[in-house]
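Reviewing the structure listed below.
The values are calculated or read from the model by the stated rules, or taken from the named source; none is laboratory data. Just so you know, these numbers come straight off a predicted model, no measurement behind them. Cβ sites come from the backbone with ideal geometry, for glycine too, and all protein chains shown count toward neighbours. These accessible areas exclude ligands, DNA and RNA; they are computed on the full protein's heavy atoms, side chains included. Shrake-Rupley method; radii C 1.70, N 1.55, O 1.52, S 1.80 Å.
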Amino acid sequence: MKIDTVCIIDDDPIFVYGTKVILNSNGKFCSNITVFENGEEALDDLEALVKTNQALPEVIFLDLNMPIMDGWDFLDEFCKIPDLENKTRVYILSSSIFSVDIDKSKEYSVVKDFISKPLTDSKFEILLKDIENERMGKTA
């Protein structure tokens with residue numbers, strides 16, 4: 001399985017580094033990784049891609065707690081982009097342990113899962129299987 005672009009939206013450089021290590025350790029997962037420190041930067045870039053008819057990232061790893069524009073505000077605006085369904089999978093990666101955040105994430109059809117930080121090899125393997133199953137038309 002090869003994904004063209006993965007987007008990480010997170011303001012924690014240590015988390016971003018660790019996530020890149022995991023993504024790069026599986027050379028078959030993705031070709032490109034883009035990183036944004038807040039939702040506003042990411043949204044501006046993604047909207048520019050749409051305006052120029054370029055492909056959106058297939059996977060977005062989204063933190064909830066960030067400066068300028070947090071993950072929830074990003075999701076609210078991102079979901080307004082036309083024709084998103086089946087193009088981008090959003091995985092919330094958060095240190096939040098609040099059930100209200102997990103429940104709220106389920107209200108967004110574009111959000112595929114809520115994963116507690118950090119992203120580990122075992123969590124990544126489960127995520128890979130879910131993506132492969134989804135691509136093959138199976139549900140987990």
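Between residue 65 and residue 107, the modelled labels are 2.0 nm apart [label points 7 Å from Cα along Cα→Cβ]. Stretching residue 20 away from residue 132 to a fully extended chain increases their span by 38.3 nm, per 0.36 nm per residue minus the current alpha-carbon distance.
Below 8 Å, C-alpha to C-alpha, sequence gap of six or more: please give me the relative contact order for the chain in percent. Rounded, it is 22 percent for the chain. Among the listed values (1) 36, 31, 28; (2) 54, 27, 19; (3) 52, 37, 22, the one matching Cα extents along the principal axes in Å as calculated from this structure is (1).
In terms of its alpha-carbon gyration tensor, the stretch 2-69 comes out oblate; a/c meets the 1.5 threshold, while b/c is at least as large as a/b. Remark: accessible surface ordering of 17, 91 (largest first) is 17, 91, probe radius 1.4 Å. Summing Cβ point charges (Lys, Arg +1; Asp, Glu -1) relative to the Cα centre of the chain gives a dipole of roughly 740 debye.
Note on the stretch 1-84: Lys pairs 8 or more places apart or on different chains, Cα atoms under 20 Å apart, count 4. If R0 equals 35 Å, the separation of the Cβ atoms of residue 99 and residue 52 corresponds to a calculated FRET efficiency of about 0.30.
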